[in-house]
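The structure appears below as structure tokens.
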Amino acid sequence: MQSGVSVVMDTSHSPLLIAVEKDGKVFSARRSGIKQEKLLFPVLQALLAKAGAALPDISRIFIIRGPGRFTGIRIALTFASMLRMLSGCEVKAATLFEVIERQVRASKAFETWQATHPTGAVAVVLHAFREEYFLQIFDASKSAPQWLSREELLTQLAAYPHPLFVAGTDKDFAPLTDLLPRYTLAPQTVCRVQAKTLLKLLGEAKWAKDALEPLYLKPARFELEAPK
């Protein structure tokens, strides 16, 4: 770890995840509640106090830039932007898809699956709203992330020409077992953002690009009528 204080956070959904790292020691917390703007500073201040640090000591920060709740995404982006402006703090970020995909590829379950499915790909499926889902498939074509209806999601996955190792969560962070019973699913331990993953990504230069650019996806239910 580098000197100074590192902070990583995921405010894209509930529960809020924050971790503080100083001198190789990590202090982390998850807090449930949709009003994360009220949770952020009390939780962060408590973790900084445990680390023997304060806000001005933060030299690096890593955030999730989407997808998720609009307000939740803005909380992290605003905090990181203000911290960088005031103190010159280094800011890095990744999407929720990218973080989960990284955790999947580091898992023993995926390594075992890939050995027998060398042409397979990772699909990250996350519940978005009601009967709608976020989807991104990680393969050579670099498919773009999408916000789909349940029917569109199932159709796209069924039409994919190669085996899929699926990671993600359904409503209330339930497993995808009922939604996708015919697919190989990642262990639940790698389907939720882990502080140790964000701290690891914080050490990689590529995540500085577009760090303050939010990923907002167009809802599947939102359609524009053609002019008559």
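The values are calculated or read from the model by the stated rules, or taken from the named source; none is laboratory data. Just so we're clear, the structure is a prediction, and the values are computed from it rather than from any experiment. Note that we place each Cβ from the backbone using ideal geometry, even for glycine, and neighbour counts take in every protein chain shown. These accessible areas exclude ligands, DNA and RNA; they are computed on the full protein's heavy atoms, side chains included. Shrake-Rupley method; radii C 1.70, N 1.55, O 1.52, S 1.80 Å.
Quantify, in whole percent, the carbon and sulfur part of the accessible surface of the chain (1.4 Å probe; protein heavy atoms only).
Here carbon and sulfur together make up 55 percent of the probe-accessible area.
Hey, what angle do you get for helix 70-87 against the long axis of the chain, alpha-carbon based, 0 to 90 degrees rounded to 10?
40
Find the accessible area per residue for the stretch 88-228; the probe is 1.4 Å, ligands and nucleic acids are left out, and the unit is Å². It would help to have the intermediate numbers written out before the result.
On the way: 7840 Å² over 141 residues.
It amounts to 56 Å² per residue over the stretch 88-228.
Would you calculate, for the chain, the mean residue ellipticity at 222 nm contributed by helices, counting each DSSP H stretch of 4 or more residues as -39,500 (n - 2.57) and dividing by all residues, to the nearest 500?
Roughly -9500 deg cm²/dmol at 222 nm, from the helical runs in the chain.
Treat every Asp and Glu Cβ in the stretch 1-147 as -1 and every Lys and Arg Cβ as +1, leave all other atoms uncharged, and give the resulting dipole magnitude about the Cα centre to the nearest 20 debye.
Here the stretch 1-147 has a charge dipole of around 340 debye.
Rounded to the nearest Å, what's the spacing between the alpha carbon centres of the stretch 4-57 and the stretch 101-178? Just the number, please.
29
Rank 187, 41, 72 by how far each Cα sits towards the positive end of the charge dipole of the chain (+1 on Lys, Arg Cβ; -1 on Asp, Glu Cβ) and give me just the farthest.
41
Longer than 21 Å from Cα to Cα, which of 38/171; 22/50; 50/196; 50/92 are they? Say none if no pair is. Walk me through the numbers on the way to the answer.
Working: 38/171 24 Å; 22/50 10 Å; 50/196 18 Å; 50/92 24 Å.
Pairs exceeding 21 Å: 38/171; 50/92.
Just want to confirm a number: the relative contact order over the stretch 131-211, from Cα pairs under 8 angstrom separated by 6+ residues, in percent. Show your work: numbers first, answer last.
Numbers: 58 pairs, mean separation 14.8, N = 81.
Normalised by residue count, the contact order of the stretch 131-211 is 18 percent.
Let me have the relative contact order for the stretch 1-109, percent, based on Cα pairs under 8 Å that are six or more residues apart.
26
Once you keep just the Cα pairs under 8 angstrom separated by 6 or more residues, what percentage relative contact order results for the stretch 71-228?
RCO, the stretch 71-228: 29 percent.
What's the magnitude of the charge dipole for the stretch 85-228 around its Cα centre, counting Lys and Arg as +1 and Asp and Glu as -1 at the beta-carbon? Answer in Debye, nearest 20.
On the way: 17 positive and 17 negative charges, 66 e Å.
Using Cβ point charges on Lys, Arg, Asp and Glu, the stretch 85-228 gives about 320 debye.
Please state the equivalent ellipsoid semi-axes for the stretch 16-155: what are the square roots of 5 times the Cα gyration tensor eigenvalues, largest first, in whole Å?
Numbers: eigenvalues 207, 75, 39 Å².
For the stretch 16-155, the semi-axes come out at 32, 19, 14 Å.
Rounded, prolate or oblate: which fits the stretch 83-228 when a ≥ b ≥ c are the square roots of the eigenvalues of the alpha-carbon gyration tensor, with rounded for a/c under 1.5 and prolate only if a/b beats b/c?
Oblate is the answer for the stretch 83-228, as a/c is 1.5 or above yet b/c matches or exceeds a/b.
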